[in-house]
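S.K.: Can you read through this structure? Questions will come right after.
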Amino acid sequence: MMMRSLCFLLVLGSASIAGAKPLPDWSRSVDWGLSSELEVTELRLSAKTTFSPEAEIRAVWDRPATAGRRSVRLKVKEGASSRDIWAVVHIEWVVTVLVATRDLHEGDTLRAEDLRTERRVRSAAGPKPLTAVEALLGRRLANSVSASEAFEERDLERLPALPRGAEVRVQAGAHGLSVWAEGTLEQSLRPGERGRVRLVSSKRVVMGVLDSDGAIVLEEQQ
């Protein structure tokens, strides 16, 4: 049977994180047991080991996994037999951000084809990345943004705020369908900002993001 061989001090980075070295294909099938905001970006195996391509691999943590360098026990199941492999991994907080698909220039108006999403390591320092597509569409750039560069609020021209009490359209959507309602702002908001809006029909207060067209896009309900 064909075997995969993994050698001492094998160091690889995550393929799904922009700018990182790729992890081996088999690592994508490992049940890491991590939240969606955490990702293994580096893997070191403590000793030479082999296992079959059909092996099922599951991570077992001695305590809840969080960002940083951690030792982990990988349980490898091959047919009726199972064994443990010890490894060292580096875990990072990650976030899905919006990046430019091409070089953009000051004064450009953002369109859907100018944006794409990418998972990147989240930095505690520095500006907060922009993640809501609807908050960028139609916005004008205050400065140039290079291809693959993540958008930040400082890249966008500052738009005037709608005052509290302003009448707005409210959009809710699920499974590709959109439903529109009428509402009034409970606070002053600029495009791209998150805030409260009171629905005219039910008087219920909900949260959403004001887009560049002056409509509130409701947050998805969990």
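S.K.: Among the numbered criteria (1) more than 17 Å from SER148 (Cβ to Cβ); (2) in a loop (DSSP other than H, G, I, E, B); (3) over 18 Å from the mean Cα position of the chain (by Cα); (4) modelled with pLDDT of 90 or more, which one does ARG58 miss?
M.R.: (2)
S.K.: Hey, among SER14, SER5, which residue is modelled with pLDDT under 60 and either β-branched (Val, Ile, Thr) or surrounded by 13 or more Cβ atoms within 10 Å (Cβ to Cβ) (or both)?
M.R.: Checking each option against the conditions leaves just SER14.
S.K.: Next question, about the same structure. Go through region 120-139 and give me each residue that's surrounded by 14 or more Cβ atoms within 10 Å (Cβ to Cβ) and either under 16 Å from ALA100 (Cβ atoms) or modelled with pLDDT of 90 or more (or both).
M.R.: Hits for region 120-139 are ARG120, PRO129, LEU130, THR131, ALA132, VAL133, ALA135, LEU136, LEU137, GLY138, ARG139.
S.K.: Okay, next question. Within region 85-101, is even one residue at positive phi and part of a loop (DSSP other than H, G, I, E, B)?
M.R.: no
S.K.: Sticking with this structure for a sec: Take GLU182 and decide whether it is acidic (Asp, Glu) and over 25 Å from the mean Cα position of the chain (by Cα).
M.R.: So GLU182 fits the description; yes.
S.K.: Would you confirm whether any residue within region 187-195 is surrounded by 13 or more Cβ atoms within 10 Å (Cβ to Cβ), acidic (Asp, Glu) and farther than 30 Å from VAL40 by Cα?
M.R.: yes
S.K.: Would you mind telling me which numbered condition in (1) at pLDDT 85 or above; (2) more than 27 Å from VAL99 (Cβ to Cβ); (3) part of a strand (DSSP E or B) THR50 fails?
M.R.: (1)
S.K.: Checking the conditions here, which among GLU106, GLU113 is out of contact with any strand residue (DSSP E or B) (no Cβ under 8 Å at 6 or more places or on another chain) and either on the phi > 0 side of the Ramachandran plot or not assigned by TED's automatic domain parsing to the domain that holds GLU39 (or both)?
M.R.: Of GLU106, GLU113, the one residue that is out of contact with any strand residue (DSSP E or B) (no Cβ under 8 Å at 6 or more places or on another chain) and either on the phi > 0 side of the Ramachandran plot or not assigned by TED's automatic domain parsing to the domain that holds GLU39 (or both) is GLU113.
S.K.: Can you find, within region 154-166, the residue that is nearest to the chain's Cα centre (by Cα) among those that are surrounded by fewer than 15 Cβ atoms within 10 Å (Cβ to Cβ) and in contact (Cβ under 8 Å) with a residue 24 or more places away in the chain?
M.R.: ARG154
S.K.: When only residues in region 163-212 that are hydroxyl-bearing (Ser, Thr, Tyr) and at pLDDT below 85 count, which is farthest from ARG139 (Cα to Cα)?
M.R.: SER178
The values are calculated or read from the model by the stated rules, or taken from the named source; none is laboratory data. This structure is a prediction, so every number in the text was calculated from the model and none was measured. Here the Cβ is made from the backbone with ideal geometry for all residues, glycine too, and neighbour counts use every protein chain on show.
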